[in-house]
Amino acid sequence: MVKYFLGQSVLRSSWDQVFAAFWQRYPNPYSKHVLTEDIVHREVTPDQKLLSRRLLTKTNRMPRWAERLFPANVAHSVYILEDSIVDPQNQTMTTFTWNINHARMMVVEERCVYCVNSDNSGWTEIRREAWVSSSLFGVSRAVQEFGLARFKSNVTKTMKGFEYILAKLQGEAPSKTLVETAKEAKEKAKETALAATEKAKDLASKAATKQQQQQQHFV
């Protein structure tokens, strides 16, 4: 049994811009799980299509229940192969990715097609498919459910990372990450609390002075 995912996303940037950003996605604030990327093969075909193969290394945190099934020395990194076909004439880019280690535990295969959005030629559409499988006897279903949930979470990070890089390349101020926003909010709250404390001290001091003056007046 295989878990299947089908999704569609839109980037509000032209296909040319997305194509350029695709090769510059890492690093970005949303891709801290991506450790390395290397191009291992590249060629231009006679019909002017660009073929590439990249090797990516990503962290591979297992669920706690799964960690008990594997020795402590099992690598916690996963190696991903990514094949891509770029057709500049038809403005399409197709990518295929799959993991080459931990394959017995789980295999995640993904196919993405980047093309011009049919409703707006200035936007890019991403059609994404994924297949999650496991050959672990007795726990394959749980592993597949976990893999699918994590894949969906990573898709969200991928899109945010893409938008971040696109904004950067287009000279716009990238939107702040949630961590940065939370940090700023925390600092602002501290400043507000400090200001309120100082104001309270000042009011208390003024009130004490006024009370003293009133007491002296009655005496």
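The values are calculated or read from the model by the stated rules, or taken from the named source; none is laboratory data. Since the structure is predicted, the reported quantities are computational estimates derived from the model, not experimental observations. Methodologically, a virtual Cβ is constructed for each residue, glycine included, from the backbone with ideal geometry; neighbour enumeration extends over all protein chains shown. Just the protein is used for accessible areas: all its heavy atoms, side chains included, with ligands, DNA and RNA removed. Shrake-Rupley method; radii C 1.70, N 1.55, O 1.52, S 1.80 Å.
Just a few scattered comments:
- Near GLN8: Cβ cut-off under 15 Å, other residues only, Lys/Arg at +1 and Asp/Glu at -1. The net charge is +1.
- A Förster radius of 22 Å, combined with the Cβ-Cβ distance separating ARG127 from LEU81, puts the computed FRET efficiency at roughly 0.60.
- Counted charge near SER134, where neighbours are those whose Cβ lies closer than 15 Å (Asp, Glu -1; Lys, Arg +1): +2
- Working note: Karplus 6.51/-1.76/1.60 with θ = phi - 60° gives the range 161-170 the couplings x, 4, 4, 4, 5, 4, 4, 5, 5, 8 Hz, where Gly and Pro are set to x.
- Surface share of carbon and sulfur [accessible, 1.4 angstrom probe, percent] for the range 1-46: 55 percent
- For LEU166, net neighbour charge (Lys/Arg +1, Asp/Glu -1) across residues whose Cβ lies under 13 Å away: +1
- Over 26 Å between alpha carbons, listed pairs LYS3/LYS157; LYS58/LYS152; LYS3/LYS160; LYS49/LYS152: LYS49/LYS152
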